[in-house]
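The values are calculated or read from the model by the stated rules, or taken from the named source; none is laboratory data. Bear in mind that the values here come from a model prediction, so they are computed numbers and not experimental data. Virtual Cβ from ideal backbone geometry, glycine too; neighbours counted across all protein chains shown.
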Amino acid sequence: MRRHVLSALVMNQPGVLAHVSGMLASRAYNIESLAVGATEDPQFSRMSIVVNGDDRTLDQVRKQLEKIVTVVHVSDFAKQNIVERDLMLIKVSTAGDKRSEVKELVDIFRAKIVDVGPDHLMAEISGQERKIEAFIDAMRPFGIIELVRTGRVALVRSGAPSHQIEYDEDLSDAENQVHV
């Protein structure tokens with residue numbers, strides 16, 4: 001069992017996220033992380049999906065995703081050189097004289113303080129999963145009040161995009177065929 005990162009370029013339409021996550025759940029694939037957001041083209045969104053499993057499981061997930069009409073392209077990042085990041089907001093207690101210690105750790109981890117209250121502060125941090133986990137562990141002794149994390153996002157390191165979209169200029173947007 002190992003962790004796999006998939007990137008799915010999908011049409012930017014209502015219900016696509018529900019359709020993809022529902023398909024994965026109905027086939028008993030556990031989604032460890034799922035992030036979706038706009039791309040450079042407003043017609044499309046990119047889903048970054050992290051699943052655990054062997055190569056056979058990954059192959060089945062990829063094939064099932066490719067069957068969904070609103071999924072334009074699926075990339076498996078397993079054997080590619082990628083940059084991947086998570087984002088987290090964390091609210092930590094600074095009761096007593098702990099504020100300077102928490103601020104020092106925020107600086108060490110290259111996080112950023114985004115909100116301050118009388119007895120807490122909120123920090124923002126992004127990075128690889130192990131950095132986020134280490135920051136959480138460093139904050140535990142102070143008292144974590146709340147935290148929220150995004151799913152993982154990833155892109156291939158090379159200068160070329162992981163897909164190329166071509167449009168037929170003779171067709172309207174509704175009729176346009178997308179070629180990847």
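Figures for the structure shown
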read-out: Exclusive hit being in contact with a Pro (Cβ under 7 Å, 6 or more places away or on another chain) and not charged (D, E, K, R), set Asn52, Asn12, Asn30; value: Asn12
read-out: Any hit, the range 9-28, residues being under 14 Å from Gly151 (Cβ atoms), hydroxyl-bearing (Ser, Thr, Tyr) and in contact with a strand residue (DSSP E or B) (Cβ under 6 Å, 6 or more places away or on another chain); value: no
read-out: Condition broken by Lys63, with the remaining ones in (1) within 20 Å of the chain's Cα centre (by Cα); (2) without any contact (Cβ under 8 Å) to a residue 40 or more places away in the chain; (3) assigned to a helix (DSSP H, G or I) satisfied; value: (1)
read-out: Elements of type strands (runs of 3 or more DSSP E) contained in the range 82-180, each with 3 or more residues being modelled with pLDDT under 95 and surrounded by fewer than 13 Cβ atoms within 10 Å (Cβ to Cβ); value: none
read-out: Looking only at the range 16-60, and only at residues there that are in contact (Cβ under 8 Å) with a residue 24 or more places away in the chain and assigned to a loop (DSSP other than H, G, I, E, B), the one that is surrounded by the most Cβ atoms within 10 Å (Cβ to Cβ); value: Tyr29
